[in-house]
1. Would you work out what percent of the accessible area of the stretch 99-155, with all protein chains in place, is carbon or sulfur (probe 1.4 Å)?
2. Relative to the first principal axis of the alpha-carbon coordinates of the chain, what is the inclination of helix 379-391, with its axis defined by its Cα atoms, in degrees from 0 to 90 and to the nearest 10?
3. Give me the 1.4 Å probe accessible area per residue for the chain, excluding ligands and nucleic acids, in Å².
4. Out of residues 5 or more away from Cys146 or on other chains, whose amide H comes under 5 Å of its own, with H placed 1.01 Å from N in the peptide plane?
5. If each DSSP helix of 4+ residues adds -39,500 (n - 2.57) and the sum is divided by the residues in the chain, what number results at 222 nm, nearest 500 deg cm²/dmol?
6. To test your reading of the geometry: what angle, between 0 and 90 degrees and rounded to tens, separates the Cα axis of helix 453-465 from the longest principal axis of the chain?
7. A 21 angstrom limit on the alpha carbon distance is what I want to check against. Which of Lys96/Lys303; Lys139/Lys195; Lys368/Lys400; Lys303/Lys458 exceed it?
8. Measuring from centroid to centroid over Cα atoms, what is the spacing of the stretch 1-76 and the stretch 254-303 in Å?
Amino acid sequence: MMTKLKLYNSLTRKLEVFTPVHDGEARIYTCGPTVYNYPHIGNMRAYVFADILGRVMTYKGYKLTHIINITDVGHLTDDADAGEDKMEKMANERAKSIWDIAQHYTKAYWDDVKALNIRQPAKWSIATDYVPQMIEYAKGIADKHCYQLDSGLYFDVSTVADYGKLARSQTEEGEGRIETVEGKRNGADFAIWRKTPAGEKRQMEWDSPWGKGAPGWHLECSVMSEALLGFPFDIHTGGIDHREIHHANEIAQNQAHSGCGSLDCADNSGARIWMHNNFLIERSGKMSKSSGEFLRLKLLVDKGFHPLAYRLMCLQAHYRSELEFSWEGLQAAFTRLKRMVMGVERLRSDNQSADEVQHPKLIDALQKFDAAISDDLNSAVALTILDDVIAMKKIEGEQKLSLIAILDGVLGLDLLTLTRKDLRIRPQNAQLTEDEIEAALIKRREARAAKDFAASDKIRDDLIAKGVEIMDGDPLGWEWKLDI
């Protein structure tokens, strides 16, 4: 019997047993990227977390409907409703159309999603496809909850109960990040519709009852989540940076749209559970896109790391804990992934079919795994159980493979298809191809067999000079690696 799934609800500040709104279903909405630039690896942690959540729902037997949005309009350079539109700004800087910018960076994001073995959602909802629905949504709440200024239509946060409950103390923690706009009734009021200033023209603008302009960022997620999942739906996820303002404003809109009920009933927020992953910390400051050069998944691959080493690194920490990135930590995760792949590869070579899991040790491991993953997605403990299963001796390989398939179906490390060769990623600055390295190593082995140690040493020194480290005696059995 499976353990009941418990998840931490940011709105209520407690672990709650997952009870679906619709029997047998799990409906999840994840705040996706604003496609004005490449995602950095901290951004991608949010989607690894959301992927694990979705995989757990599938493992638990729920019919999953997962929506991830693509923001291609409305998100300003300050998350707190201030500054320029990120998309317009990048389009102007690059002298390209905003549509070209959106297409380019959406594809880059989707490439990273694929590389990290993140499953495709039921739908990628593109913000600009829903502008008519956004206008109708805003019209439905405008009379009771909004007011107009010269710059657009603003939401009056005093018209809903419990504003800022999600963000703990929004007025204390968030006030300094709130846009100062002359005429706002409350400091935390936010834009529903941004009117194009007189004499200006945006690349993306639409006619509305409040003038030609564009929707506010917060409006987009309210509209798309309601349109695709219905209110209330089960779970809304995002990074912890969304908790203080973006999601607090989303909830206020959802309350207004649904009848202004108190947040004592979480259903009035639009979602029954709100979940947030914590930050990825990088001490050198290269996590900020404003620095111009930031940590992308492509950089990790260019340095010779398989992208699933980064996924594994994320899973080694609980999603609600801060995770510090370092190259040493990534290397350790990569080594752990290599051990897993080699262990499973040996099983696959010796066993051609799967078998029902019956061995008491394996059943016990599955129960422990289920308990861990049901405890607010404790992937760190779940990983240690997977390690233990791979290392178990004197158990039929077919049964072990079957259990590994179940566990990896949740963790998403692709262990049943990855090979040792797949993990050999050639760094961008490598001077030799893999075939050239292997050919040199064959000659070196022949020289050593002939006791021609001078020739053997020369081949080794030549390889080292070209960035290839020879790994004689490596406990993993890896013969070489490319220095990074």
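The values are calculated or read from the model by the stated rules, or taken from the named source; none is laboratory data. This one's a predicted model, so the numbers in the text were calculated from it and none came from an experiment. All Cβ positions, glycine included, derive from the backbone under ideal geometry; neighbour counts span all protein chains shown. Side chains included, ligands, DNA and RNA excluded: accessible areas come from the protein's heavy atoms. Shrake-Rupley method; radii C 1.70, N 1.55, O 1.52, S 1.80 Å.
1. 49 percent
2. 20 degrees
3. Values: 21330 Å² over 484 residues.
Per residue, the chain has 44 Å² of solvent-accessible surface.
4. For Cys146, the qualifying residues are Asp156.
5. Numbers: 15 runs with 202 residues, N = 484.
Using -39500 (n - 2.57) per qualifying helix, the result is -13500 deg cm²/dmol.
6. Once rounded, one gets 10 degrees.
7. Details: Lys96/Lys303 30 Å; Lys139/Lys195 15 Å; Lys368/Lys400 15 Å; Lys303/Lys458 26 Å.
Correct reply: Lys96/Lys303; Lys303/Lys458.
8. Using only Cα atoms to place each centre, the spacing works out to 11 Å.
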